[in-house]
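Every number here is computed from the coordinates shown, using simple stated rules; none is lab data. Not measured: the values here are computed from a predicted model. Cβ placement follows ideal geometry from the backbone for every residue including glycine, while neighbour counts extend to all protein chains displayed.
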Amino acid sequence: MYDTCNSFILEQLTATAHNNDIQQIKKDVANIKQDICNIKQEIKFQNTKLNLNLDKIYDLLSAKKNIACNCENEFIRKNYVPIIPTEDLLEKYKFPLSSTADISILDEEIRNNIEFKGQLVLALSRIGGTSGNEDGAKIAYKIIDFLFRPDVLVNYTWTGISRGKSSEKMTFQILEGIVTVLFEVISLADNRHTKQKNAYILKEGILKHAKKRSLRKRAIILPKDQINENVVESREDDDEKVGSQNKEILETDDNN
């Protein structure tokens, strides 16, 4: 009887101890959960502060960038003095150019002959204008269409990398003379133009859609019975479409 009583008491004590342990564990878990919640709130608060500080930094950098771009474009506009030609250096070129070899020759002459570059900028500025208020993307297409046949541009991508099964492409961005002339001419027409926008229009607009534009222009001159149905269906105005995309990006860039 005595042993039974002791056993019962021992069981009660053990159960009480276990119950106390469970209650303590529950309290510890609740405290841990509360700590985690507090940490999450602190992280969220610090993240908000960090984002606000980053926004301020970005705004400051963007303001400096816009000032620099505006100064660069204003410098081009104010210091652009047309070179009075002693001879027509452009006469030997039959624009629009129809071969990659001619394009390479043009680029080399732009880089090595300042008088030739001046004549080319002057001629192209008559196409694009110098008001500073034009749509840079649309002017880019006008200039490109004057300089190059659409079918020759299908041989290029901005980086030279080609997707899909198409053959290896040539790199357009290394044609620094041509890229620089395009930037200067478009900057005279659109004073919001920047080198970043210049590269984007060439890469994502003109070169990316060169094949489609070439097919569309072929469709314009071919008899109706020779026009591929896909070409007819794709005769959306790519210039306007890409121009609209560029406008959104340019406006975003300006707002930033």
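In this simple spin-label model, placing a label point 7 Å from the Cα along the Cα-to-Cβ direction at both Ile43 and Asp88 gives a separation of 7.1 nm.
Taking amide H positions as modeled 1.01 Å from N, with prolines and chain starts lacking one, the residues under 5 Å from Asp190 and 5 or more places away or on another chain are Gly132, Glu134. Placing unit charges on the Cβ atoms only, positive for Lys and Arg and negative for Asp and Glu, gives segment 79-213 a dipole magnitude near 780 debye about its Cα centre. Given R0 = 41 Å, the distance between the Cβ atoms of Ser98 and Thr130 translates into a calculated FRET efficiency of 0.90. The length gained by stretching the chain between Ile22 and Gln34 to full extension, at 0.36 nm per residue less their Cα-Cα distance, is 2.5 nm.
The packing ranking, built from the mean of other Cβ atoms within 10 Å per residue, places the peptides 170-177, 209-216 in the order 209-216, 170-177, highest first. In order along segment 120-131, the Karplus-derived 3J(HN,Hα) couplings, from 6.51 cos²θ - 1.76 cosθ + 1.60 at θ = phi - 60°, round to 5, 4, 4, 5, 6, 5, 5, 7, x, x, 10, 6 Hz, and Gly and Pro are given as x.
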